[in-house]
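The values are calculated or read from the model by the stated rules, or taken from the named source; none is laboratory data. Owing to the predicted nature of the structure, the values given are computational and were not obtained by experimental measurement. In this analysis, Cβ positions are derived from the backbone assuming ideal geometry, glycine residues included, and neighbour counts consider all displayed protein chains.
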Amino acid sequence: MQGEPTTLPLTIHEERIGDQQALLHIQGRLDAVTAPELKARLKGLIQDGCVQLILDFGAVPFIDSSGLAALVSGLKMARESGGALKSARLTQQTRLVFELTLLDRIFEFYDSVEAAGASLKRD
Amino acid sequence: MYLEQYTAFVILAPMAALVTLGLMAYVWRYRTMPEVSVLLWLMAAVVGWLIFNTFETVAVTEAWIFFWAKVTYLFIVATPVAWLLFALCYSGRSAACTPRRVLLYSVIPAITALLALTSNWHTLLWQAYAFVPVGHMVAMQVSYGPWFWTHAIYSYILVLTGAVFIIRYSLRLFNLYRQQMVWVVSAALLPVAVNILYVARLIPGLQKDYTPISFAGASLALAIGIFRYRLFDLKPIARDIVFERMPDAVLTVDVQGRIVDLNPVAQALTGQSPGFRIGEPVTDVIPVWDAWLQMLQATGELETDFVLDDDGHPRDYEVQISALRNPRRELTGWIILLHEITRRKQIQTALRQYSEQLEAMVAERTRGLQEAQTKLLAQQRLQQEIELAAQIQASLLPDHVPVFAGYEFAAAAIPSRYVSGDLYDFIVTDPETCHIVVADIAGKGVPAALLSSTARTLIRAETDHETSPGRILTSVNASFYRDLTQAEMFITFLTARLDTRYGTLAYANAGHTAALWWRQASGDCEECPATGLPIGVLPDATVEERSLVLRPGDALIFYSDGIPEATNTAGEFFGADRLSALVHTYAHLAAPELLQRIMEAVESFVGSAPRSDDITLLVLKVLPRTLTFECDAALDNLHMIIALVRRAALAYGDSFAYQVELAASEIASNVIRHAYRATTGRIRGTLHLLPDRLQLDLYDDGASFDPHTLAPPALGEIQEGGYGLFIAQKVVDELSYTARTAQGNHWKLVKVA
């Protein structure tokens, strides 16, 4: 299995909108390898008081139960901190784990980052 | 005086009869000649007349005298008829001597003879007669009845007519045959004269009729004339027949150069005046006569050629001139024979021209044959070279198909000529990668074959350092464009890279016939159409690349346009539809069998029609296969494992692949995080790719666990963990765990396509 790329990296591009709001462009797979990194990042933001989070999944090709767990953790923390976590641009495939676990009822999905931002203002 | 007349007659008549009889004996051998046979009849009549007149003269009783007089009359009446017939034959009027005519001429004489025999009872012939003693003899003196004069006049008419014919005919020839003519004309005149003297009593006291003796004399003269003075051993009569009927022109010319005789052909010889005419100088028509004459006087004979102008049409004659001499060997004239040889000349000329043409033709053909032979030799050499080229080309084609587990190849190439413009190749660049190349040079025969060799070299060189089919073809186009443009050719090229591990096929198609992708799942053929222009059309053309993932059960058919364009005797194309139908029917067969069915179908379709194009056919069959992997059970290797599974599963579709990926990710993560929680170890995997399903077996040597101990997650609630196995179970058809098998703890995932 030489020549195969070992670990695909996860990159998170963060846009801060004021003190309490952040837009995270996530790029990479969300699985057992990368989930801890995402979970830590979300935790850090929330602890910083940035509790209004928009996650852009446009560049996320894969989410498994580990990735799902990190997101659930982030959602819980944000809500517990009086904030919210909005998910934008999930594909049909990456939604699969949400649907199978019925967590699609708890997570809020938006087709675009803008729609997700607009929903934050309404709250 | 009377007595002397009678005595003289009695002496002369038997003598004349004897002479005539002798003459008859002499000419007897010539009796087959018509005029001689008639002459014999004349002489017989004359002899009869002489003999019975003598009997009459010497008879002593009145009864005998009367009897012999009657008998004599039978011959008297016959003589003028015989004379006329002779004259007709002699003067070339034998046509007037038919038996019918002879009967007609004989009507009056026959009546006369009858009257003579019956004169005891009538006076029509003899009105009165008296027997007068003449010495010791008795003479019968008669006065004539009316019929006598009738007969006499008739006889004179016959005799005179004959004489006129003979004399007129003779006078024509008089200059040439003078001696002969003197005899003949005398003979003609003698009986007439004598008879007139007697009948008209012109000689006083002439009591005895000497006419029979004069006829005997005439016969003698005729015989002398005919047989003594012969012209070229021919009597004039025979000469005349020959002369008149000769197909050649005959002229007789006297020593003065005047034309004295000519035959009808000579008369008709010239269409324009002056023609040959009797009495005119021969130089009027033959200006060179004087020159000929000089030669003739030396040799006496001349043979030459002469061209006569006939109303502007030159006529060629062969001229023969002979001297005419009288019995004393004196020159009397010339006989000229003109034998027309215009036709012969024309034939000769035509023959000569034909012969020249023939020679030219032979020369040309010889040259042609030599050229053809040279060409043939060159062709044979070329043929040998072509056969050699074909051998080389055949040796350049893969002599075997590549062997990869899970794949089956078959290939066939049939050149329409010895060498082919088609090309195919398998290029194995690493143990898991095979490039498949098919190309068709637009053109056939040697030039196409040469280019196909170059194309093969180029594609091999490119494939050595480039993996992307699109870039390979783009590069081939860039480096081959110039040569192809110069050769005014282009190449359609399809190159595909098969990743045997994952079953992915990347291809680039530069204007080649679309390859067929038989997809077992859908039961349909998809095309791999052209993704760019043929090589050699544009200098900087790029060829796009596409890829597909092959699933076990699938087949790929690469072919040259020789298959769809194969033409049967009715002029119909085999067509791409027939090909897909065949693939549809026989896709379940192994690659060589599938290929064979297609080739047979094309072959039987074409039948006896000529093979118009090279045919190349490649079949790739995708078989069930197994992928194995093994690595340290570490999260660092998770992506690698998942990527492998995902890529292999893509053949079954994106959604399928995602779900397998998801399940594999959950299970592998589980193994890494839980089985090897505290330790490190290996994780081994086997991926079975089957036409209708995918099976993943994962083995580990870590701690085993009882999956039933895991509580199902509380769905719909915010729960951070415990979803993994649940999710995996949801997305595959079978998920089982067997702890501690011979190969370790065994996770088995099966997903049905």
request  = Please go through region B:90-113 and pick out each residue that is modelled with pLDDT of 80 or more and surrounded by 14 or more Cβ atoms within 10 Å (Cβ to Cβ).
outcome  = B:ARG101, B:VAL102, B:TYR105, B:SER106, B:ILE108, B:PRO109, B:ALA110, B:ILE111, B:THR112, B:ALA113
query = Regarding A:ASP56, is this residue surrounded by fewer than 16 Cβ atoms within 10 Å (Cβ to Cβ), closer than 30 Å to A:ARG122 by Cβ, more than 14 Å from chain B (Cβ to nearest Cβ) and acidic (Asp, Glu)?
reply = no
note = Going through region B:687-719 in order, the residues found to be within 14 Å of another protein chain (Cβ to nearest Cβ) and buried (at least 17 other Cβ atoms within 10 Å of the Cβ) are B:LEU687, B:PRO713
query = For the subset of region B:587-626 comprising residues that are assigned to a helix (DSSP H, G or I) and among the β-branched types (Val, Ile, Thr), which member is modelled with the lowest pLDDT?
reply = B:VAL606
query = Does B:VAL583 meet the test of being in the same structural domain as B:TYR407 (by TED's automatic domain parsing), among the aliphatic types (A, V, I, L, M) and either outside any loop (DSSP other than H, G, I, E, B) or under 46 Å from the mean Cα position of the chain (by Cα) (or both)?
reply = yes
query = On the given criteria, is B:ASP316 exposed (fewer than 12 other Cβ atoms within 10 Å of the Cβ) and either touching a residue at least 12 places away in the same chain (Cβ under 8 Å) or in contact with a strand residue (DSSP E or B) (Cβ under 9 Å, 6 or more places away or on another chain) (or both)?
reply = no
message = Any residue at all in region B:655-669 that's more than 10 Å from every other protein chain (Cβ to nearest Cβ) and free of Cβ contacts under 8 Å to residues at least 60 places away in the same chain?
response = no
ask   = Can B:ASP632 be described as within 30 Å of B:PHE493 (Cα to Cα) and within 11 Å of chain A (Cβ to nearest Cβ)?
value = no
query = Do we have any residue at all in region B:726-733 that's touching a Pro at 6+ places or on another chain (Cβ under 8 Å), farther than 23 Å from B:ASP632 by Cα and within 14 Å of another protein chain (Cβ to nearest Cβ)?
reply = yes
ask   = Based on what the data block shows, is B:LEU158 at pLDDT 85 or above and farther than 25 Å from B:GLY205 by Cα?
value = yes
remark   = Flagged in region B:510-524 as in contact with a helix residue (DSSP H, G or I) (Cβ under 9 Å, 6 or more places away or on another chain), crowded, with 20+ Cβ neighbours inside 10 Å and part of a strand (DSSP E or B), in numbering order, are B:ALA510, B:LEU516, B:TRP518
query = Across region A:76-116, what is the number of residues that are more than 13 Å from the chain's Cα centre (by Cα), more than 9 Å from every other protein chain (Cβ to nearest Cβ) and crowded, with 20+ Cβ neighbours inside 10 Å?
reply = 1
request  = Determine whether A:GLY49 is among the small types (Gly, Ala, Ser), farther than 19 Å from B:GLU666 by Cβ and either in a strand (DSSP E or B) or within 14 Å of chain B (Cβ to nearest Cβ) (or both).
outcome  = no
inquiry  = Taking the criterion of being touching a Phe, Trp or Tyr at 6+ places or on another chain (Cβ under 9 Å), more than 14 Å from chain A (Cβ to nearest Cβ) and of a type in the set (Phe, Trp, Tyr), would at least one residue in region B:571-579 satisfy it?
reply    = yes
ask   = Does region B:533-541 contain any residue that is within 41 Å of the chain's Cα centre (by Cα) and assigned by TED's automatic domain parsing to the domain that holds B:ALA506?
value = no
note = Exactly one of B:PHE86, B:PHE52 is under 20 Å from B:MET181 (Cα atoms) and crowded, with 22+ Cβ neighbours inside 10 Å, and that one is B:PHE86
Residue, nearest to A:ALA35 (Cα to Cα), within region B:635-653, restricted to residues that are more than 10 Å from every other protein chain (Cβ to nearest Cβ) and hydrophobic (A, V, I, L, M, F, W, C) = B:VAL645
query = For region B:516-546, what are the residues that are at negative phi, at pLDDT below 95 and touching a Leu at 6+ places or on another chain (Cβ under 6 Å)?
reply = B:CYS525, B:ALA541, B:VAL543
request  = Go through region B:631-665 and count every residue that is modelled with pLDDT of 95 or more and acidic (Asp, Glu).
outcome  = 1
query = Between a first residue in region B:547-561 that is farther than 22 Å from B:GLY421 by Cβ and at pLDDT 95 or above and a second residue that is of a type in the set (Gly, Ala, Ser) and part of a strand (DSSP E or B), which pairs have beta carbons less than 9 Å apart while being 6 or more apart in sequence or on different chains?
reply = B:LEU556/B:ALA496; B:LEU556/B:ALA515
